[in-house]
Structure formats: structure tokens, C-alpha cells
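Asker: Sharing a structure here in C-alpha cells format.
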Amino acid sequence: MLFGQGRNFDPDQPTRNRRWDEANGAFSLAVRESLAAAGVPVVSVVLPVAATDVPGNLQRLVAEVKRRGCTRVLETAVFADEAAGLLIARVRLYPVLGLLGPKMADSQPRIGPVGYTQQREFTLDSRALERADPRQLGRSMGEEALQDALGNRRRSSE
């Protein structure tokens, strides 16, 4: 499961929210394309920045993971840490626990602890998103995740 979620929601800034949604969507799509090109089956869910109900979002994610039989979640995010003055692009891999082995009645899978993190940071200013290029970041970070965390090597076309 590829799970992207925007941050930095501001109910008074619809244009800014749309830019964050576009950046997160482009980043997540580029990661997805890298995985798909390597033959990794991918189910994608990308939530907008306005999806601020974290417990509800997690509950829906776990339900989708269970429905699809996913064994891991690769989370993607592009967001600002305004206190630190940074634009951050991050990929994290989590195992899904409780899908394999004997199950108790009504048991639910759960998202395990982070097993892999890849993060890039940029100085936060008015052109940070443009300079960072979420599509290019997504491609390169997706390929790195394939090599470092997902145990796949990109297939050569030669």
C-alpha cells in the first residue's frame, strides 16, 4: 500500500492547500511509478491536506490494508516544518502486522513501527516547492526505497 498524506492544512488558505495537495500528489505518483516500473504491485491512497482526522485516517487505512491484503505501507509526504524553516520530502516503510499466522476472531491488522525512513530537506522559502520538484524527488526516492527497503532491483531494459 502506498499511502500519501498532505500536511500544513490552513482552512483560510485554499490556494495554498491546493499547492500542497498538488505537491503531495505528484510526489506520491512518482514514487508509485518507480515501484510499478520495477514490477512491485501498488495500491495507492493519497489524502488531501484537509483530511486532518488522524485517527479516522488511520482507521480507513487499516481497513483498506485488510481489504487488499497488503503486507506493508509505504508512506509518502511533502510538508513544511515552519519552526525549523524546512521543506521536507519523506518516505517511510511500515510493516503490516497481524495478517499472517493464526488469527483471533475479529482481529484487525495493525501498522507496525517504522522500518525504513528516507528524508530530504530543503530551505523553506517562497520557491522551495518549485526548486525541490516533487516529481523528480518522488522518482529518485522511490528508486532508493526499492533498493534499500523493498528488496527489489530495478529491472534493466538492456
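Asker: Please work out which residue is nearest to the chain's Cα centre (by Cα), limiting yourself to segment 21-73 and to residues that are assigned to a helix (DSSP H, G or I) and β-branched (Val, Ile, Thr).
Answerer: 31
Asker: Also, quick follow-up: Return the residue satisfying two criteria in turn: it lies in segment 116-131 and is aliphatic (A, V, I, L, M) and in contact with a Leu (Cβ under 6 Å, 6 or more places away or on another chain), and of such residues it is nearest to residue 23 (Cα to Cα). Before the answer, list the steps.
Answerer: Taking segment 116-131 as the starting set, the residues that turn out to be aliphatic (A, V, I, L, M) are 124, 128-129.
Imposing the further condition that a residue be in contact with a Leu (Cβ under 6 Å, 6 or more places away or on another chain) reduces the set to 124, 128.
On the way: 124: 14, 128: 11 Å.
My answer is 128.
Asker: Looking only at segment 1-20, which residues are open to solvent by 60 Å² or more (accessible area, probe 1.4 Å), assigned to a helix (DSSP H, G or I) and in contact (Cβ under 8 Å) with a residue 12 or more places away in the chain?
Answerer: Within segment 1-20, just 19 meets the criteria.
Asker: Hey, could you check segment 51-97 for residues that are hydroxyl-bearing (Ser, Thr, Tyr) and in contact with a Gly (Cβ under 6 Å, 6 or more places away or on another chain) and say which is surrounded by the fewest Cβ atoms within 10 Å (Cβ to Cβ)?
Answerer: 94
Asker: Which members of segment 35-94 meet the condition of being more than 26 Å from residue 125 (Cβ to Cβ) and among the aromatic types (Phe, Trp, Tyr)?
Answerer: Correct list: 94 only.
Asker: Going through segment 39-50 one residue at a time, which ones are open to solvent by 20 Å² or more (accessible area, probe 1.4 Å) and either among the polar types (S, T, N, Q) or in contact (Cβ under 8 Å) with a residue 40 or more places away in the chain (or both)?
Answerer: 39, 42, 43, 44, 45, 46, 47, 48, 50
Asker: So for segment 98-110 (the condition being surrounded by 16 or more Cβ atoms within 10 Å (Cβ to Cβ) and closer than 24 Å to residue 30 by Cα), does at least one residue qualify?
Answerer: no
Asker: Out of 83, 89, which single residue is over 26 Å from residue 110 (Cα atoms) and either in contact with a helix residue (DSSP H, G or I) (Cβ under 6 Å, 6 or more places away or on another chain) or not in a helix (DSSP H, G or I) (or both)? Walk me through how you get there before you give the answer.
Answerer: Values: 89 fails: over 26 Å from residue 110 (Cα atoms).
Testing whether each residue is over 26 Å from residue 110 (Cα atoms) and either in contact with a helix residue (DSSP H, G or I) (Cβ under 6 Å, 6 or more places away or on another chain) or not in a helix (DSSP H, G or I) (or both) leaves just 83.
Asker: Here's a follow-up. Residue 36 is checked against (1) of a type in the set (A, V, I, L, M); (2) open to solvent by 30 Å² or more (accessible area, probe 1.4 Å); (3) more than 19 Å from residue 140 (Cβ to Cβ) and fails just one. What number does that condition carry?
Answerer: Among (1) of a type in the set (A, V, I, L, M); (2) open to solvent by 30 Å² or more (accessible area, probe 1.4 Å); (3) more than 19 Å from residue 140 (Cβ to Cβ), residue 36 violates only (3).
The values are calculated or read from the model by the stated rules, or taken from the named source; none is laboratory data. Everything numeric here is computed off the predicted structure, so don't read it as measured data. Note that we place each Cβ from the backbone using ideal geometry, even for glycine, and neighbour counts take in every protein chain shown. For accessibility, only protein heavy atoms count, side chains too; no ligands or nucleic acids. Shrake-Rupley method; radii C 1.70, N 1.55, O 1.52, S 1.80 Å.
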